[in-house]
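What follows is a set of notes on a single structure, which appears directly below.
The values are calculated or read from the model by the stated rules, or taken from the named source; none is laboratory data. Note that the structure is a prediction, hence the values are computed from the model and not measured. Cβ placement follows ideal geometry from the backbone for every residue including glycine, while neighbour counts extend to all protein chains displayed.
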């Protein structure tokens, strides 16, 4: 028996030749394996749809996020990440097999990893908001992290500390260039912005906008008509999502402006034309 056709391959790791053990009985595959848990050991890593540098990026993973490797091919690892379950390929060199339990997360838009607690030295890596680290020592305003390097204390927060206002977090990304599959302040897409903001506030959030529309919050409207919008409402269009900052303004990463902007919702609706709003959800 198989329900393969009903399972979303974005979040269910299965192929004809291989699948994750937990999918046994739900999909057909030549073999099933548990996989090897790893963590991202570089600032961020591109997850590709195919094991090729030329393949389209589907998402990005941040330092310290987990990834279960199910297959390797020519320097590429195929598997599933632990934050939102997304499946794809990334470079093996981005992975660290030594699993750790993060104590802190990056709360700044981005920060530098220094070789010593000295801001004048050339940096080793760049960590983005949401990256997870293990603090192993301190010296003044600097914190040493597992694996080597130092990060400024004001750029991180305890792992369990949630941001009080996810909208304020999202607003910090204004001006960030639009990047398909992006999840950092170097480049971000619409659902990546929503996901990072909600995760910072301790709210679990899927990766893509259609998944978010299905999983997050309470449905306020199916078409946006007669809605008294509030700060924090999520407005969904086919293939797109944004966050209301007040009763009239939508904050979103978009390919029209090619960056994160806050603009009148009415302008976005006008550009959408016949597609229009297909859901308004209220988190919480």
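Restricting the search to region 253-276, which residues are buried (at least 16 other Cβ atoms within 10 Å of the Cβ) and under 18 Å from residue 194 (Cα atoms)?
Of everything in region 253-276, those that are buried (at least 16 other Cβ atoms within 10 Å of the Cβ) and under 18 Å from residue 194 (Cα atoms) turn out to be 253, 254, 259, 260, 261, 262, 263, 265, 268.
Are there any strands (runs of 3 or more DSSP E) wholly within region 180-284 with 1 or more residues that are modelled with pLDDT of 95 or more, under 24 Å from residue 60 (Cα atoms) and touching a helix residue (DSSP H, G or I) at 6+ places or on another chain (Cβ under 7 Å), and if so which?
234-237, 240-244, 249-254, 259-264
In this structure, does residue 33 turn out to be without any contact (Cβ under 8 Å) to a residue 60 or more places away in the chain, in contact with a strand residue (DSSP E or B) (Cβ under 7 Å, 6 or more places away or on another chain), closer than 19 Å to residue 99 by Cβ and surrounded by fewer than 17 Cβ atoms within 10 Å (Cβ to Cβ)?
Criteria met by residue 33.
So for region 158-172 (the condition being in contact with a strand residue (DSSP E or B) (Cβ under 9 Å, 6 or more places away or on another chain), farther than 23 Å from residue 246 by Cα and surrounded by 15 or more Cβ atoms within 10 Å (Cβ to Cβ)), does at least one residue qualify?
Within region 158-172, one or more residues are in contact with a strand residue (DSSP E or B) (Cβ under 9 Å, 6 or more places away or on another chain), farther than 23 Å from residue 246 by Cα and surrounded by 15 or more Cβ atoms within 10 Å (Cβ to Cβ).
With 191, 185 as the choices, which residue is buried (at least 21 other Cβ atoms within 10 Å of the Cβ) and in contact (Cβ under 8 Å) with a residue 12 or more places away in the chain?
191
Is it the case, given these coordinates, that residue 136 is in contact with a helix residue (DSSP H, G or I) (Cβ under 8 Å, 6 or more places away or on another chain) and either assigned to a helix (DSSP H, G or I) or not assigned by TED's automatic domain parsing to the domain that holds residue 12 (or both)?
The answer is no for residue 136.
Quick one: residue 148 ticks every box in (1) assigned to a loop (DSSP other than H, G, I, E, B); (2) surrounded by 22 or more Cβ atoms within 10 Å (Cβ to Cβ) except a single one, so which number is it?
Residue 148 satisfies all of (1) assigned to a loop (DSSP other than H, G, I, E, B); (2) surrounded by 22 or more Cβ atoms within 10 Å (Cβ to Cβ) except (2).
Checking the condition out of contact with any helix residue (DSSP H, G or I) (no Cβ under 6 Å at 6 or more places or on another chain), without any contact (Cβ under 8 Å) to a residue 60 or more places away in the chain, at negative phi and not in a strand (DSSP E or B), which residue from 108, 160 passes?
160
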